[in-house]
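What follows is one structure encoded as structure tokens, with my remarks underneath.
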Amino acid sequence: MKVEVRHLPRPEALTPPRHGYVVWIQGRDGQHVIVDQLRVNKNLEGELETSAPSQQFDIFITAEDRVAAQTPSGPRLSQTVPEAKQAVPSPFL
């Protein structure tokens, strides 16, 4: 699985400021699993590549106060749509 973002503001530039972005997966059972921190470079781009645990899951990104969070607590900035598997931008950006 590969996650790519462009034009994503640095987390400390958000209101309120956040420590970092976290990529999560949510299985069909509704359980959230942290994938990893998504780092944004000076060009406001980020990329994360890892293996997927199964074929049936959704991906979403949150801005978190702690990148080692065990559950998502920040607003969802982007998430996949199960039918299209394309990212849907958040109204928070």
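General remarks:
- Around residue 67: net Lys/Arg minus Asp/Glu count, Cβ-Cβ under 10 Å: 0
- Around the amide H of residue 20, modelled in the peptide plane, lie the amide H atoms of 64, all under 5 Å away and 5 or more residues distant in sequence or on another chain.
- Gain in span if fully extended, residue 31 to residue 15, counting 0.36 nm per residue against the direct Cα distance: 3.0 nm
- Over all other residues within a Cβ to Cβ distance under 12 Å of residue 49, the charged ones net out to -2, with Lys and Arg as +1 and Asp and Glu as -1.
Since every read-out is calculated from the coordinates, none of them should be taken as a lab result. Small disclaimer: the values here were computed from a predicted structure and weren't measured. Note: ideal-geometry Cβ built from the backbone for every residue, glycine included; neighbour counts use all protein chains shown.
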